Amino acid sequence: MASYGSETLVVVLGNQLFPWSAYKPMRGARFFMAEDLGLCTYVKHHKQKIVLFLAAMRSYADELRGNGCEVHYDKFEAQNDKAQQASYEEKLERFAKGKGIERLVMFEIEDRFFEKRIQAFAKQQGWELEFLESPMFVTPREEFADYLGGSGKRPFMAKFYERQRRRLGILVDEHNQPLGGQWNFDADNRKKLPKKVEFPETSWAKPTEHVEAVKRLVAERFSDHPGELSGDGEFWLPTTRRQALAWLREFLDERFVEFGPYEDALSRRDDVLFHSVLSPMLNLGLLTPGEVVERALAYAEDADGEVPLNSLEGFVRQVIGWREFVRGVYQHYDDKQSTTNFWNHARKLKPCWYDATTGLPPLDDAIDKAHRLGWTHHIERLMVLANLMNLCEVEPGEAYRWFMEMYVDSSDWVMGPNVYGMGLMSDGGVFATKPYICGSNYLVKMSDCYKKSDEWCETVDGLYWRFVDKHRAFFSRNPRLSMMLGTLDKMDSERRERIFGKAQTFIDEVTEG
């Protein structure tokens, strides 16, 4: 086992706040943490995200010190002096000067741009650099590379997920076949909410002293960033491991049973519905995917059949399937995804995408929730927000920036594949085989608050069919999609002209370019 003395500097990033067991072997080293202006502002991150990160980092530094670690913590102050404007590397160099540092140790850095910066800095200093396998995932980077096999084949989430289940021995029988006879139960997870459904009350995390201090700091230093920190947008998320574990337990106790059937539902009656909202804590490291799945499986077993298999499997798939898949895709395909504009979209977003005044109720509802909470569930992200950005011909980088700014769980590794690959398919189909687009029918079908008679439906339908019409060559090449062209061509000419006109008017009102 490697030794960790005072010549070793352990750098802990704001998304590496792992359980103490991960850092315990390094207790004899020096620890470095820093609040960094560049990382807070390279996009205008949501106010709630900045509070989440900084408050969690401060609490984590306290925890490390409580466990006997020597921690240097570079902290923002209300006064924005020159020292605070220094880059992360400058702060690191300033601290290390004259201390005899020979080695820099840290867990794998997920965002590639920052990984490259740290590699270059360590080389410049003449330090040995050691990256440790990250507890943030259950799939080593080498395992995903092995899955791809170097053949250039398209990454396929369903096949990857089957491989994960077998590799990890999760929800499989003694013959490595799926429990319940199938690998996923998506068909059972598309129900709209019943009128009489009761939503469990979600207990917002109690603010720590650090939360209150950081809220004041953010209000002063980052006032021009999107989001709220008061009223309906009061800060609500766990910032310590203890709070995160309690949050996980509440999900299992109160919402897990109904999670599966209603995970795609749209509603104005409750913000969280039956979702877990664990992604912010997983993406900070306060919880690890291994322990989350382990606890979910144990809970379902103890509940003796009360948790339906479609809820259990749907949750497991999000954690060991999609999340791990996205990380692997980012590592291997980010250069292609971030530079490709398959649909040749070039329009820019107007301010209404930030203040929820587009005039389209499902879109404004989703924007408003993101503004207040820095979070929406996956269908609001995919089938409302990304769908309508795509139909409005928003430039991929513009859409990516919006998602980076508006979500507390955003990171480059998260949003690249989710926006470019899944939301827009602007990468030309690295892993998606078709664009995830829809008209008003789907939004009405999945909601308990929208009606097909609503005026906005024709605008959304116009956007949808306009997109199909504009990209006839693409749709005609795919046998499963070409039938859409037949439907469009049979449309009454008067209706077609009317809804296309409404679509163009909407595009002109909410975008530029």
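What follows draws every value from the coordinates through simple rules; no lab data is involved. The shown structure was predicted, so the numbers you read here are calculated from the model rather than taken from an experiment. Backbone-built Cβ (ideal geometry, glycine too); neighbour counts: all protein chains shown.
Computed about its Cα centre, the charge dipole of segment 361-512 is approximately 720 debye, with only Lys, Arg, Asp and Glu carrying charge at their Cβ.
Distances between placed amide hydrogens fall under 5 Å for Gly428 paired with Phe342, all partners being 5 or more residues away or on another chain.
From the P(r) of the chain, could you give the percentage of C-alpha pairs in the tail past 32 Å? If you can, show how the numbers build up before the last one.
Working: 59540 of 131328 pairs.
In whole percent, the long-distance tail amounts to 45.
In percent, rounded to a whole number, the relative contact order of segment 361-512 is 20, using alpha-carbon pairs under 8 Å and six or more apart.
Considering only the other residues whose Cβ falls under 9 Å of the Cβ of His345, what net charge follows from Lys and Arg at +1 and Asp and Glu at -1? Please list the in-between numbers first.
Details: positive: Arg347; negative: Glu393, Glu395, Glu398.
Local net charge: -2.
Report, in listed order, any pair from Lys91/Lys336; Lys75/Lys348; Lys75/Lys99; Lys369/Lys434; Lys99/Lys215; Lys91/Lys206 with a Cα-Cα distance greater than 30 Å.
Values: Lys91/Lys336 33 Å; Lys75/Lys348 35 Å; Lys75/Lys99 20 Å; Lys369/Lys434 28 Å; Lys99/Lys215 34 Å; Lys91/Lys206 32 Å.
Violating the 30 Å Cα-Cα cut-off are Lys91/Lys336; Lys75/Lys348; Lys99/Lys215; Lys91/Lys206.
For the chain, relative contact order (Cα pairs under 8 Å, six or more residues apart, normalised by length) works out to 17 percent.
Proximity of backbone amide H atoms, modeled 1.01 Å from N, is registered between Glu70 and Phe31 at under 5 Å, excluding neighbours fewer than 5 places apart on the same chain. Rounded to whole numbers, the Karplus 3J(HN,Hα) couplings from phi for segment 192-209 are 7, 6, x, 4, 9, 5, 10, 8, x, 6, 8, 7, 4, 5, 6, x, 7, 4 Hz, using 6.51 cos²θ - 1.76 cosθ + 1.60 with θ = phi - 60°, and x at Gly and Pro. With a cut-off of 13 Å between beta carbons, the residues surrounding Tyr333 carry a summed charge of +1, where Lys and Arg count +1 and Asp and Glu -1. The phi-based Karplus calculation (6.51 cos²θ - 1.76 cosθ + 1.60; θ = phi - 60°) puts the 3J(HN,Hα) values of segment 269-280 at 6, 7, 7, 8, 6, 10, 7, 8, 6, 9, 4, x Hz, whole numbers, x for Gly and Pro.
Taking GluC sites (Glu not before Pro) across segment 414-509, the ones in a DSSP loop with at most 12 further Cβ atoms lying within 10 angstrom of their Cβ are Glu455. Computed about its Cα centre, the charge dipole of segment 188-297 is approximately 140 debye, with only Lys, Arg, Asp and Glu carrying charge at their Cβ. Amide hydrogen proximity for His225: with H placed 1.01 Å from N in the peptide plane, no residue at 5 or more positions away or on another chain lies under 5 Å. Taken over segment 361-512, the percentage of Cα pairs per 5 Å bin, counting from 0 up to the bin with the maximum distance, is 2, 9, 17, 22, 21, 16, 9, 3, 1, 0. The HN-Hα couplings worked out from phi for segment 284-289 by the Karplus form 6.51 cos²θ - 1.76 cosθ + 1.60 (θ = phi - 60°) are 9, x, 5, 10, 10, x Hz, whole numbers, x standing for Gly and Pro. The distance from the alpha carbon centre of segment 48-110 to that of segment 237-272 is 31 Å, rounded to a whole number. Protection proxy ranking, highest mean first, for peptides 319-329, 263-273: 319-329, 263-273, where packing is the per-residue count of other beta-carbon atoms within 10 Å, averaged.
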